[in-house]
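Trainee: This is the structure I have questions about; it appears just below.
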Amino acid sequence: MYSFGVNGERKTIVVNDGARVTSAETGRSLLFGLMSDGTFIPSACGGKGSCGQCRAFIKGGALPYTPAENSLLSESDRRVGVHLCCQVTVLGDLSIQIPWKNLSARQYKARVAGLRELTGEIKEITLEVKGGISFAAGQYVQIFLPGTESLPEPQYRAYSMASAPSSPERLAFMVRREPAGVVSPYLCDKLQQGQELAIRGPFGDFRLHESRRALLFVAGGSGLAPIRSMLLTMAEQAKAGLTSRPATLYFSGRTRKDLFLMEELSALEAQLPFRFVPLLSNPSPDERWDGERGGMPAVLNRRLDRMDNHEAYLCGSTGMIDACIKVLRGKGLPEELLFFDKFL
């Protein structure tokens, strides 16, 4: 066990056997303690213990597990001492192990360069990033809410890049307004052109894998963001003369007003071996819609045959993704070829 300290006292945090030695104040969560000293851990939920991404192996001593950790960590993880950094309170010196790739995450200065309403609930935010940020299509960054000095912990959320990595200094995001949230209402309603923000990253393993298999993309609402990044990258590669794999995108909204970037997505059909299938789960009675109708799982089940020689990339709500995975598994797509990014 490690020794206890008094709140506010700084304790040493040894990362990856001394690859980085930092410190954090006692009484803070390990996640925010590391963050305040420049070590950034993946976290999509803002440190609320709901995403399960901020994992670290705590060396030496048996720390108690919180209910959130018991829910999100497997028994084998807990057996070897894996914890969620947001659930560990710094009480003394610690030695931890995190994935080496996380040590390359940095903080960047960004300026709001564009604001565009995509739907009544989703806004496109374009940021100019000083120096640019190198990322892979499908990854995300943490966008920090400005003016949070008076709050006990930073307020941030994870947002996937919706632009291609070929423009590292100009990043686009699709932010869905959550009325009960803290960060998204600010970003959608109060953010101003030219305003400065801090972003940290990049993070995430949701990215295209090298293979010759055909691609199935599934997106709901703002879940289109990382998949758009992938498709734009594929279009650039095709323009450069590189061979593209056949791809299909199923994109869902409740009603017609929930769909966006329809012309852009349709235009990709002329640039790639690509098929775009928009669908509505609950079209209005007076709405003229000749496309697919029904929930995403039902449409996939109806339209897809055996999924041999395919791999699938899904992004959207947890419920939609879980239901779609069940359908795709039933179509013969193995678990190791199903890649997804769930929104909390």
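The values are calculated or read from the model by the stated rules, or taken from the named source; none is laboratory data. Since this is a predicted model, take the numbers as computed values, not measurements. Backbone-built Cβ (ideal geometry, glycine too); neighbour counts: all protein chains shown.
Trainee: Filter the range 122-133 for residues that are out of contact with any helix residue (DSSP H, G or I) (no Cβ under 8 Å at 6 or more places or on another chain) and not charged (D, E, K, R); which is surrounded by the fewest Cβ atoms within 10 Å (Cβ to Cβ)?
Mentor: Once the filter is applied, the top-ranked residue is GLY131.
A quick yes/no check of all residues on (1) surrounded by fewer than 19 Cβ atoms within 10 Å (Cβ to Cβ); (2) out of contact with any strand residue (DSSP E or B) (no Cβ under 9 Å at 6 or more places or on another chain); (3) closer than 30 Å to TRP100 by Cβ:
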residue	(1), (2), (3)
LEU187	no, no, no
GLU210	yes, yes, yes
LEU232	no, yes, yes
GLU236	yes, yes, yes
GLY241	yes, yes, no
ARG256	yes, no, no
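Trainee: Out of curiosity, is SER222 out of contact with any Leu (no Cβ under 7 Å at 6 or more places or on another chain), outside any strand (DSSP E or B), at pLDDT 90 or above and surrounded by 23 or more Cβ atoms within 10 Å (Cβ to Cβ)?
Mentor: Taking the combined requirement at face value, the residue satisfies it.
Trainee: For GLU236, indicate whether it is part of a helix (DSSP H, G or I) and without any contact (Cβ under 8 Å) to a residue 40 or more places away in the chain.
Mentor: Judged against the criteria, GLU236 is not a match.
Trainee: Let me ask you something else. Being at pLDDT below 95, surrounded by 14 or more Cβ atoms within 10 Å (Cβ to Cβ) and not in a loop (DSSP other than H, G, I, E, B) is true for just one of LEU216, LEU197. Which residue is that?
Mentor: Of the residues listed, the single one that is at pLDDT below 95, surrounded by 14 or more Cβ atoms within 10 Å (Cβ to Cβ) and not in a loop (DSSP other than H, G, I, E, B) is LEU197.
Trainee: Can you tell me which residue in the range 314-344 is farthest from SER43 (Cα to Cα), limited to those that are acidic (Asp, Glu) and surrounded by 13 or more Cβ atoms within 10 Å (Cβ to Cβ)?
Mentor: If we take residues in the range 314-344 being acidic (Asp, Glu) and surrounded by 13 or more Cβ atoms within 10 Å (Cβ to Cβ), then ASP322 is farthest from SER43 (Cα to Cα).
Trainee: Let me ask you something else. Which of the residues that make up the range 144-176 are modelled with pLDDT under 95, touching a strand residue (DSSP E or B) at 6+ places or on another chain (Cβ under 8 Å) and not hydroxyl-bearing (Ser, Thr, Tyr)?
Mentor: Across the range 144-176, the qualifying residues are PHE144, LEU145, PRO146, GLU153, PRO154, GLN155, ARG157, ALA158.
Trainee: Next up: Being hydroxyl-bearing (Ser, Thr, Tyr), more than 27 Å from PRO42 (Cβ to Cβ), touching a strand residue (DSSP E or B) at 6+ places or on another chain (Cβ under 9 Å) and buried (at least 16 other Cβ atoms within 10 Å of the Cβ) is the requirement here; does THR248 meet it?
Mentor: Yes.
Trainee: Under 9 Å by Cβ, and 6 or more places apart or on different chains, what pairs join a residue from the range 322-335 that is free of Cβ contacts under 8 Å to residues at least 40 places away in the same chain with one that is in a helix (DSSP H, G or I) and loosely packed, with under 13 Cβ neighbours inside 10 Å?
Mentor: ILE325/GLU335; ARG329/GLU335
Trainee: When the range 99-125 is examined, which residues are found to be touching a residue at least 12 places away in the same chain (Cβ under 8 Å) and in a loop (DSSP other than H, G, I, E, B)?
Mentor: ALA105, LEU118, THR119, GLY120, GLU121 - these are the residues of the range 99-125 that are touching a residue at least 12 places away in the same chain (Cβ under 8 Å) and in a loop (DSSP other than H, G, I, E, B).
Trainee: Tell me the strands (runs of 3 or more DSSP E) entirely within the range 15-98 that contain at least 1 residues that are surrounded by 14 or more Cβ atoms within 10 Å (Cβ to Cβ), small (Gly, Ala, Ser) and touching a Leu at 6+ places or on another chain (Cβ under 9 Å).
Mentor: Output list reads 20-25, 55-59.
Results for (1) among the hydrophobic types (A, V, I, L, M, F, W, C); (2) touching a residue at least 40 places away in the same chain (Cβ under 8 Å), shown as yes or no for each residue.
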{"position": "ASN16", "(1), (2)": "no, yes"}
{"position": "ARG20", "(1), (2)": "no, yes"}
{"position": "GLY27", "(1), (2)": "no, yes"}
{"position": "MET35", "(1), (2)": "yes, yes"}
{"position": "PHE40", "(1), (2)": "yes, yes"}
{"position": "GLY47", "(1), (2)": "no, yes"}
{"position": "LYS59", "(1), (2)": "no, no"}
{"position": "TYR65", "(1), (2)": "no, no"}
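Trainee: Let me ask another. Among the residues in the range 154-166, are any out of contact with any Ser or Thr (no Cβ under 8 Å at 6 or more places or on another chain) and among the hydrophobic types (A, V, I, L, M, F, W, C)?
Mentor: no
Trainee: While we're looking at this one, here's another question. Can you tell me how many residues in the range 158-180 are surrounded by fewer than 17 Cβ atoms within 10 Å (Cβ to Cβ) and aromatic (Phe, Trp, Tyr)?
Mentor: 0
Trainee: Kindly establish whether ALA136 is assigned to a loop (DSSP other than H, G, I, E, B), in contact with a helix residue (DSSP H, G or I) (Cβ under 7 Å, 6 or more places away or on another chain) and within 19 Å of SER229 (Cα to Cα).
Mentor: no
Trainee: Shifting gears a bit: Tell me the residue from SER134, SER104, SER43, SER74 that is touching a Cys at 6+ places or on another chain (Cβ under 7 Å) and polar (S, T, N, Q), please.
Mentor: Only one candidate qualifies: SER43.
Trainee: Taking the stated definitions as given, is ILE41 of a type in the set (A, V, I, L, M), in the same structural domain as GLY92 (by TED's automatic domain parsing) and under 16 Å from the mean Cα position of the chain (by Cα)?
Mentor: yes
Trainee: Here is a list of conditions, (1) assigned by TED's automatic domain parsing to the domain that holds PRO297; (2) more than 14 Å from the chain's Cα centre (by Cα), and LYS190 meets all of them except one; can you say which number that is?
Mentor: Checking LYS190 against (1) assigned by TED's automatic domain parsing to the domain that holds PRO297; (2) more than 14 Å from the chain's Cα centre (by Cα), the one that fails is (1).
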